[in-house]
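A.B. asks: Pasting in a structure now, in structure tokens, and then I'll have a few things to ask.
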């Protein structure tokens, strides 16, 4: 049973068909000027239009990348470098994805300063703290839309408004939200937005970065050579993957309302079935949360054993762990969880194919695993 | 390089923790350390370990190692408990070296159980 859709989704069969056409029939290099090359360009332009329609932006403001990690790197490092002569201070949150935190750390080694704001216990950013953290030399704020571990949704409109007032660029890691929540970049005060295909039933290996066409908003490239995509991200465009992303975006656009209703019903069903377990807590805001993610911790259950006891169910642990390192999730620790509670965290992430029967089975497996492990344990001493 | 964190042996033991439980009228030992908790019980007859049971809170490797110990030591002389060493369990399951500390907690618990068992035997003989 697969309940790890926040990590990756299966490719929609309709998307596979679109990609097959390009892989088998229209396989020319889009940089070639012959007819076959021009057909590929048309496919790419069509896909760019599909993603632009989902995002409410202009097609020319989109750059294709290899995924959200590259988009985050290009946005943050690229914008920081572009605006370095104005200032070298960046702001992000301690609960961001590694694709953001690690590039920030790399920039610190290059002489940039980074402020990492902590969320409240529900995972939300304190807007007053953000406003207070912005300095005269602040150039960029990077805050994710939906947190990949907890599903907490940040108010990107309010955050972006604060950034606009202070003439600071605002980057959003929207890997978990594009195609799942309405996003209208024609209205939202967002300057840079990262996304990826494989969270919305598109292929792995393709992403995009939105760069707003406004003064002061630009990125320096990370790669050089070829001149494609206005030299901002050169390299032969992965036409089949781009076409797949475009089609997945179009499908997500059309099914977003139904998807949200479906996920909400399943998430609530799941929580109703396990919330009676003694010592269970839901991590992150219950109100400002994406319904496709339910993150729970439970008292007096060891996380790694819980994860193994749940096999073959595919879920994510709250620990950035493998058998070698059992470091508790830095995201959950930032929400104030103890190491033990953070280690016991399980992220159930639901998707379009998830059924009520699967949710019932998952809840039953979880209850039984918790009860089994608790029955094994000696009582805690005072 | 394998990214499989558990050997087949660890998986088998974890799936069938048959020695988990309690024993009445038995020698006991308990150690809480390194973020894990282990409680052991042993019943003996004629200087031989007749039954071993455990309760444990910890990772799959610790649970598997404790189950493995209980299975392996039933039927052996009680004095063997004092010879139990973490190194053998680490090698046979195997357990990643990063988890040595947890297996040393098991070793402490087994040695403590051995001392308790031998003390009871001496009391009976005295």
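The values are calculated or read from the model by the stated rules, or taken from the named source; none is laboratory data. None of the values given here were measured: they were computed from a predicted structure. Cβ: placed from backbone, ideal geometry, glycine included. Neighbour counts: every protein chain shown.
A.B. asks: Of the residues A:244, A:207, only one is crowded, with 24+ Cβ neighbours inside 10 Å and either in contact with a strand residue (DSSP E or B) (Cβ under 9 Å, 6 or more places away or on another chain) or under 30 Å from residue A:83 (Cβ atoms) (or both); which?
C.D. replies: On inspection, the qualifying residue turns out to be A:207.
A.B. asks: Restricting to the range A:313-338, give me the number of residues that are at pLDDT 85 or above, under 11 Å from residue A:297 (Cβ atoms) and more than 14 Å from chain B (Cβ to nearest Cβ).
C.D. replies: Residues meeting the conditions: 4.
A.B. asks: In addition: Identify, from the list B:107, B:50, B:67, the residue that is under 10 Å from the mean Cα position of the chain (by Cα) and either more than 14 Å from chain A (Cβ to nearest Cβ) or part of a strand (DSSP E or B) (or both).
C.D. replies: When all the criteria are applied, what remains is B:107.
A.B. asks: Quick one: in the range B:30-47, of everything that is touching a strand residue (DSSP E or B) at 6+ places or on another chain (Cβ under 7 Å) and within 11 Å of another protein chain (Cβ to nearest Cβ), which residue is nearest to residue A:327 (Cα to Cα)?
C.D. replies: Going through the qualifying residues, I end up with B:36.
A.B. asks: For the range B:15-29: of the residues being over 12 Å from the mean Cα position of the chain (by Cα) and not in a loop (DSSP other than H, G, I, E, B), which is nearest to the other protein chains (Cβ to nearest Cβ)?
C.D. replies: B:15
A.B. asks: For the range A:340-357, check the following and say yes or no: at least one residue is over 15 Å from residue A:300 (Cβ atoms) and assigned to a helix (DSSP H, G or I).
C.D. replies: Yes, because at least one residue in the range A:340-357 is over 15 Å from residue A:300 (Cβ atoms) and assigned to a helix (DSSP H, G or I).
A.B. asks: Related question: Of (1) out of contact with any helix residue (DSSP H, G or I) (no Cβ under 6 Å at 6 or more places or on another chain); (2) without any contact (Cβ under 8 Å) to a residue 24 or more places away in the chain, residue A:52 satisfies all except one. Which?
C.D. replies: Evaluating residue A:52 over (1) out of contact with any helix residue (DSSP H, G or I) (no Cβ under 6 Å at 6 or more places or on another chain); (2) without any contact (Cβ under 8 Å) to a residue 24 or more places away in the chain leaves (1) as the failure.
A.B. asks: Further, regarding this structure: For the range A:130-159, which residues satisfy the criterion of being within 19 Å of the chain's Cα centre (by Cα) and assigned to a loop (DSSP other than H, G, I, E, B)?
C.D. replies: Listed by number, the residues that qualify are A:143, A:144, A:145, A:147, A:148, A:149, A:150, A:151, A:154, A:155.
A.B. asks: Just one of A:294, A:310, A:277 is within 14 Å of chain B (Cβ to nearest Cβ), at pLDDT 95 or above and in contact with a strand residue (DSSP E or B) (Cβ under 9 Å, 6 or more places away or on another chain); which is it?
C.D. replies: A:310
A.B. asks: Does residue A:248 satisfy being free of Cβ contacts under 8 Å to residues at least 12 places away in the same chain and not in a strand (DSSP E or B)?
C.D. replies: So residue A:248 fails the test.
A.B. asks: Is it the case that residue A:372 is at pLDDT 95 or above and either away from every other protein chain (no Cβ under 14 Å) or touching a strand residue (DSSP E or B) at 6+ places or on another chain (Cβ under 6 Å) (or both)?
C.D. replies: no
A.B. asks: Every residue in the range A:1-43 that is in a loop (DSSP other than H, G, I, E, B) and more than 30 Å from residue A:312 (Cα to Cα), please.
C.D. replies: Passing the criteria: A:25, A:26, A:27, A:28, A:29, A:30, A:31, A:32, A:33, A:34.
A.B. asks: Tell me whether the range A:351-358 contains one or more residues that are within 13 Å of chain B (Cβ to nearest Cβ) and surrounded by fewer than 23 Cβ atoms within 10 Å (Cβ to Cβ).
C.D. replies: There is no residue in the range A:351-358 that is within 13 Å of chain B (Cβ to nearest Cβ) and surrounded by fewer than 23 Cβ atoms within 10 Å (Cβ to Cβ).
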